[in-house]
Amino acid sequence: MGAFDGDTLAERFRNHFGHTDHLYGALLAGMADDWEVGGVTREVFDGWEDADARQFPQLRMLAGLFRIVLRGDAPQLEGFYPALGGDLDHHDAWAVARPLVGAHARELHDSLREAPQTNEPARSAALLVGLAEAVRRTGLTRVRLLEPGASAGLGLNVDHYRFVGDGWDAGPEASPLTVAGCGAPGFQPVSVDVVARRGCDVAPVDAATEEGASYLTSFVWPWQLDRHARLAAALLVARQHPVVVDRAPASTWVAERLAEPVEAGVLTVVWHSVTRLYWPAEETEAMTAAIAEARGRMPIAHVAMEHPWWSTEPGADPGFPLLTLDDDVLATCDHHGPPIRWGS
């Protein structure tokens, strides 16, 4: 059983984790019970009863609730959030959260429009592997990075992070962010000169602001302390090395960027991670077509870390993300990146 299973939202809530071993499992179980008795959860999810399960409205709502906690408007819940130092029994959390959900029902309903933007910086480890292979294949070490669906653009700072894998390491030793446990035994990093970097998103986040940092934090599950530490470090890097993230849809933006002149000897790399599932199928097709059209005009590579959901039936297990370079599957990895495992 999983997040795709269930004819009702209550069933999907219960099945998303399938247990109550952590805060969100317990909250979703409480939300399911509340839904079935016609409680305030019905008001929050009004209009989302038939939403595509892969839009994960339950995670959007939990992120909205986390934002309320982060800004200090729910002090009675802070003790249940390990990322905020809380150590209360999470099984008691729903009883405390339910009146807060009722008090903020309109805001939480509006939060369902916010697609998850974890912008997990560890995913850049997989993209680094794809980038290195693209450089090896082309022999070009000067790179222009383009990232559709970039959120806050944290992945675009890949060369400012340090990575440690099985028998290899890469990146500056003094970086605020070290991504450990990257796997990929035998990987040989290559020297890359990122001459330009830019991203787009339909709802870009300014990582340099307190509001933007809080927004990104809200999508990181509150008991995953390592991920919170990585995000905090990546936000520090972002303040040191700000990147431009335009407000634009992926396919239009990619086509416009690929129409721009590029210096000879520069490899253009279009990459993205765990974003395709939020795009309409025609958006993915249009972006892919724009990349194909540009191949006759410039050296270009398409690196992606994406779940293979586009080829599965609704309700199927999405499996682990695939790391691909153009049409080649290089490796698989976990949902948040490491460890990287060669092959499919």
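The values are calculated or read from the model by the stated rules, or taken from the named source; none is laboratory data. From a predicted model like this one, the values you see are computed outputs, not experimental measurements. Cβ coordinates were reconstructed from backbone atoms using ideal geometry, including for glycine residues, and neighbour counts include every protein chain displayed.
Structure summary
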{"quantity": "Test: residue in segment 96-113 that is at positive phi and either polar (S, T, N, Q) or more than 24 Å from the chain's Cα centre (by Cα) (or both)", "calculated": "no"}
{"quantity": "Residue satisfying condition, being of a type in the set (Gly, Ala, Ser), in contact with a helix residue (DSSP H, G or I) (Cβ under 9 Å, 6 or more places away or on another chain) and either in contact (Cβ under 8 Å) with a residue 60 or more places away in the chain or not assigned by TED's automatic domain parsing to the domain that holds VAL245 (or both), within set GLY165, GLY130", "calculated": "GLY165"}
{"quantity": "Single match in GLY47, GLY30, GLY6 (criterion: crowded, with 18+ Cβ neighbours inside 10 Å and either of a type in the set (D, E, K, R) or modelled with pLDDT of 95 or more (or both))", "calculated": "GLY30"}
{"quantity": "Count of residues meeting criterion [surrounded by 17 or more Cβ atoms within 10 Å (Cβ to Cβ), modelled with pLDDT under 90 and part of a loop (DSSP other than H, G, I, E, B)] in segment 276-306", "calculated": "1"}
{"quantity": "Where GLY183 falls short, out of the listed (1) under 27 Å from GLU263 (Cβ atoms); (2) crowded, with 17+ Cβ neighbours inside 10 Å", "calculated": "(1)"}
{"quantity": "Criterion violated by VAL143 - all others in (1) in a strand (DSSP E or B); (2) farther than 14 Å from GLY130 by Cα satisfied", "calculated": "(2)"}
{"quantity": "Residue list for segment 331-344, filter: assigned to a strand (DSSP E or B) and crowded, with 19+ Cβ neighbours inside 10 Å", "calculated": "ALA331, THR332, CYS333, GLY337, PRO338, ILE340"}
{"quantity": "Breaking point among (1) in contact with a strand residue (DSSP E or B) (Cβ under 9 Å, 6 or more places away or on another chain); (2) at pLDDT 95 or above, for GLU120", "calculated": "(2)"}
{"quantity": "Checking THR141 against (1) in contact (Cβ under 8 Å) with a residue 12 or more places away in the chain; (2) over 30 Å from ALA196 (Cα atoms); (3) surrounded by fewer than 24 Cβ atoms within 10 Å (Cβ to Cβ), the condition it does not meet", "calculated": "(2)"}
{"quantity": "Restricting segment 234-245 to residues that are surrounded by fewer than 18 Cβ atoms within 10 Å (Cβ to Cβ) and in contact (Cβ under 8 Å) with a residue 60 or more places away in the chain, the residue that is nearest to MET287 (Cα to Cα)", "calculated": "VAL244"}
{"quantity": "Criterion (in the same structural domain as ALA105 (by TED's automatic domain parsing), within 21 Å of the chain's Cα centre (by Cα) and within 17 Å of TRP223 (Cβ to Cβ)) met by exactly one of PHE80, PHE56, PHE66, PHE13", "calculated": "PHE66"}
{"quantity": "Single match in ALA255, ALA248 (criterion: surrounded by fewer than 18 Cβ atoms within 10 Å (Cβ to Cβ), more than 16 Å from the chain's Cα centre (by Cα), modelled with pLDDT of 95 or more and under 29 Å from GLY139 (Cα atoms))", "calculated": "ALA255"}
{"quantity": "Considering residues of segment 3-56 that are among the aromatic types (Phe, Trp, Tyr) and assigned to a helix (DSSP H, G or I) only, the residue farthest from GLU306 (Cα to Cα)", "calculated": "TRP35"}
{"quantity": "Near pairs, Cβ below 6 angstrom, 6+ apart or cross-chain, from segment 328-344 (over 14 Å from ALA304 (Cα atoms)) to any residue that is at pLDDT 95 or above and part of a loop (DSSP other than H, G, I, E, B)", "calculated": "PRO338/GLY181; PRO338/CYS182; PRO339/GLY181"}
{"quantity": "LEU156 in contact (Cβ under 8 Å) with a residue 24 or more places away in the chain, part of a helix (DSSP H, G or I) and assigned by TED's automatic domain parsing to the domain that holds ALA125", "calculated": "yes"}
{"quantity": "Unmet requirement for PRO242, which otherwise passes all of (1) farther than 29 Å from GLY181 by Cα; (2) not in a strand (DSSP E or B)", "calculated": "(1)"}
